[in-house]
1. Could you give every pair whose Cβ atoms fall below 6 Å, whose first residue belongs to region 311-340 and is farther than 19 Å from residue 223 by Cβ, and whose second residue is at pLDDT 80 or above and surrounded by fewer than 19 Cβ atoms within 10 Å (Cβ to Cβ), counting only separations of at least 6 or pairs across chains?
2. Quick one: which of 149, 173 is within 24 Å of residue 192 (Cα to Cα) and acidic (Asp, Glu)?
3. Which one of these is in contact with a strand residue (DSSP E or B) (Cβ under 8 Å, 6 or more places away or on another chain) and not hydrophobic (A, V, I, L, M, F, W, C): 73, 40, 31?
4. Can you confirm whether residue 311 is in contact with a strand residue (DSSP E or B) (Cβ under 9 Å, 6 or more places away or on another chain) and part of a loop (DSSP other than H, G, I, E, B)?
5. Hey, among 182, 226, which residue is more than 21 Å from the chain's Cα centre (by Cα), part of a helix (DSSP H, G or I) and of a type outside the set (A, V, I, L, M)?
6. Say whether the condition of being surrounded by fewer than 18 Cβ atoms within 10 Å (Cβ to Cβ) and farther than 11 Å from residue 18 by Cα is met by at least one residue in region 66-74.
7. Only one of 156, 150, 103 is of a type in the set (D, E, K, R) and at pLDDT below 90. Can you tell me which?
8. Scan the helices (runs of 4 or more DSSP H) fully inside region 62-166 and keep the ones with 1 or more residues being aromatic (Phe, Trp, Tyr) and closer than 22 Å to residue 239 by Cα.
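The values are calculated or read from the model by the stated rules, or taken from the named source; none is laboratory data. Quantities reported herein were computed from a predicted structural model and do not represent experimental measurements. Note that we place each Cβ from the backbone using ideal geometry, even for glycine, and neighbour counts take in every protein chain shown.
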Amino acid sequence: MSKALFPMQATVCCGIDVSAQKLAVAVHEQDQPFDRREFDNDAAGHKALIAWLGKRKARARVSLEATGIYSLDLALALDKAEGIEVAMLNPKLVNRFAETLRRSKTDAADAEALAEYSRRMPFVAWSAPARNGLQLRAITRYIDGLTVDRTRCGNRLHAAEGSASTPRCVLEDLRRSLELLEMRIAKLRREAMALVRADADLAQQFKLLTGIPGIAQISALQLMGELILLPAGMTVRQWVAQSGLDPAHEVSGSSVHKPSRISRAGNKHLRRALYMPALVASRRDPHLKAFYESLLARHKARLQALVAVARKLLHAIYGILHTQTPYDGAKLFPQLLPTS
């Protein structure tokens, strides 16, 4: 069977709540109650789930939350299966949607909410990236975790060095730990760069990204690792929402009018990867600098202005990767002249 063999009307909506060991599955067919099953979250369980969905002789639209390696392996298996489309959803957005439907939070209720999301909301199908892209994401995510450990270790060393009561053995151990972390991070970055150089598509993306002021090797690798899993059909607004940089407003009548803020309902790794490039670009790129300073002149806080720069930077990344053209700040800000 091919995915194209299923007519548009022959569609069932499926939601899967993923945990480390189990998959709670709920399927909704027109005018029918939810059909619920549970499968093991391993290769055999994935195969059994796909066979169970295939018995319905209809195309299945499956929604699951993007919750790391547990959901990724399942999504890869579903993407290979015929007659199945899969959507990887932002957990925070799904949770907000689910709060309107359920009173209790259980795995089964979460699966039903995901099935309802498939039925009611626009469905953006996800396709598995190439193997090199998946490996790059795994490496950059691991580097991200090691970087957090390095910062924590550096802070501990700084505090220990400031205390006369710290034994010499503790100081030496902390210094060795910090040095080892730095060596591991450097080695993994070399491995990531080797992957990029060996893949023509990744190499082109890397070249385009590093052509943007504020984005150098480290930031480019982090951004590529996070953008690699986004569905190809997403709009730039969906990219912004995925990053959690979209503005959230809270206004009600005449009594409630709170300052706007970013939603944070998105990928924290992507948001963090944009921070340093935005900071550097707001100082070095004439167009982004002019945009940043125009916001400050309108009495925006520096952090608010920096978030706006990060959002603009994500727009620029979307544009250059989809058009395969180098960065041009004048296209991003056609009506904003750079400062002299």
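1. These pairs meet every condition: 336/290; 338/286; 338/290; 339/290.
2. 149
3. Result: 40 is the single residue among 73, 40, 31 that is in contact with a strand residue (DSSP E or B) (Cβ under 8 Å, 6 or more places away or on another chain) and not hydrophobic (A, V, I, L, M, F, W, C).
4. Spelling it out, it is not the case that residue 311 is in contact with a strand residue (DSSP E or B) (Cβ under 9 Å, 6 or more places away or on another chain) and part of a loop (DSSP other than H, G, I, E, B).
5. Step by step, each of 182, 226 is checked, and only 182 is more than 21 Å from the chain's Cα centre (by Cα), part of a helix (DSSP H, G or I) and of a type outside the set (A, V, I, L, M).
6. No, every residue in region 66-74 fails to be surrounded by fewer than 18 Cβ atoms within 10 Å (Cβ to Cβ) and farther than 11 Å from residue 18 by Cα.
7. When all the criteria are applied, what remains is 103.
8. 91-98, 107-120
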